[in-house]
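One structure below.
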Amino acid sequence: MDSLALKKIVLMVVFLLSTTAFLSAWISYKPDDVVAAVDEVVDAVDEVIDETLSLNRPINFSDDLNEVYSIPFRKKERSLVPEKYLSNRQENAGPNYLPYIEKQPEECEARIVITVKSSADHFEHREAIRESWASNKHDLENLKVVFLVGKGKTDEIDKQVGKEYLEHKDLLIGNYIDSYQNLTIKAMTGIAWRKKNCLRSEFVLAVDDDTFVDLDQMKNHLQRLPESEDFIECSERTVTKGKVWREGQWAVSADQYEFDVYPNYCNGPCYLMPSQTADVLLGASQTTKPDHPADDVFISGILRVKSEIPLIQYTRTGAPGWCRELNNRKPRLPQRMVKEHRKTTQL
């Protein structure tokens, strides 16, 4: 479509929407309604333009793609987040996450920081990562891999974690109980630690310990990302119109989250953002209680919407592919992790 045709469409939409919105506001004689009407018109016009230019459609990634773009933030996403998260009232204040940290890695001069959420007793998972995609010293140049763990179920697990820390110095150990309910606190301690200790970092990648990362492909991919712009890239998969479950492992009560659908968010195993975006989210977390256990929903959904940060999202089968979930629920994950690395290095 040429620019002249686009302008005609936009002008027509502006006229129709403006007429409808302002007549409605005028009849009600309420100034707030007029302001709301203006916001609706602006948002609707933006959506028409983006739809025409294909800017609000998920990307179907291919290797010959030179750049990727974020889908413009839509203020209507805020209607999917409860007010208690969006408000900045003192009673909704979040904690300082640094006091949760009991032991931390050595100095960090990295350009890219990868935080790996890991259960305290997943010793083999962490070792498999060290022996596979995090093993190549050349790949690890200007890169820091940090495992996030909490307190284990037994003293013996904590004792083993302590030995592992002394051997590798790549664990960020929290004083919280290592459980699903504390996943958000675990992830946020990683963001807070990075801000304080990795002053030169440019990107933050958050993954689970059942995720394989092709570091060479990831580094090449960074060149495609927008410059000087806040965004979160759903590097593995975007959850759209995600259901709020009321039963089962991921159950959330209506008192906790009153809506039935979440705003779009990144599937937990893998999401990437500039360090400046992580700093914005950390700032927003200071007035947001971390009472939602799913860290991917809380960080890339709730905090993202509160901060009005856009997503980079791909079609369901069109992700870049450098970040792959191997699935903890399937057996022999450590062996599959090492096998995936060998297969990648042979290509």
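Any read-out appearing in this document is the output of simple, stated calculations on the displayed coordinates, not a laboratory observation. Being a predicted model, the structure only gives us computed values, none of them experimental. Cβ coordinates were reconstructed from backbone atoms using ideal geometry, including for glycine residues, and neighbour counts include every protein chain displayed.
Table for the structure above
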| read-out | value |
| --- | --- |
| Cα centroid separation, region 188-226 to region 227-262 (Å) | 21 Å |
| Using θ = phi - 60° and Karplus 6.51 cos²θ - 1.76 cosθ + 1.60, couplings along region 217-234 (whole Hz; Gly, Pro as x) | 5, 4, 4, 5, 5, 4, 5, 7, 6, x, 9, 6, 8, 7, 6, 10, 9, 7 |
| Calculated FRET value between LYS169 and LYS339, using beta carbons and R₀ = 25 Å, to 0.05 | 0.40 |
| Segments 80-86, 57-63 sorted - mean Cβ within 10 Å per residue, highest first | 80-86, 57-63 |
| Label-point separation, ASN220 to GLU156 (7 Å along Cα→Cβ), nm | 4.6 nm |
| Reduced Cα scattering model of region 75-345, Debye log10 I(q)/I(0), q = 0.10, 0.11, 0.17 Å⁻¹ | -0.48, -0.59, -1.52 |
| Backbone HN-Hα couplings from phi across region 79-89 [Karplus 6.51/-1.76/1.60, Hz, Gly and Pro as x] | 6, 9, 10, x, 4, 4, 7, 7, 6, 10, 5 |
| Per-pair calculated FRET efficiency, R0 = 41 Å: ASN66 and GLN90 via Cβ, rounded to 0.05 | 0.30 |
| Listed residue pairs exceeding 29 Å between alpha carbons, taken from LYS186/LYS243; LYS306/LYS330; LYS117/LYS306 | LYS306/LYS330 |
| Separation of the LYS103 and GLU141 label points, Cα + 7 Å toward Cβ, nm | 3.1 nm |
| Long-range amide H partners of TYR314 with built H, under 5 Å | ILE59, THR238 |
| Spin-label model distance (nm) - SER79 vs GLU202, 7 Å beyond Cα toward Cβ | 4.0 nm |
| Calculated FRET efficiency for the pair SER179/GLU127, C-beta based, R₀ 30 Å, to 0.05 | 0.85 |
| Anisotropy class of region 87-226 from Cα gyration tensor, a/c 1.5 cut | oblate |
| Cut-off under 5 Å, modelled amide H: who pairs with VAL145 long-range | ILE114 |
| Full-stretch length increase - ASP260, GLU308 - with 0.36 nm per residue and alpha-carbon distance subtracted | 15.2 nm |
| Peptide ranges 329-335, 197-203 listed from the most packed, as the mean C-beta count within 10 angstrom indicates | 197-203, 329-335 |
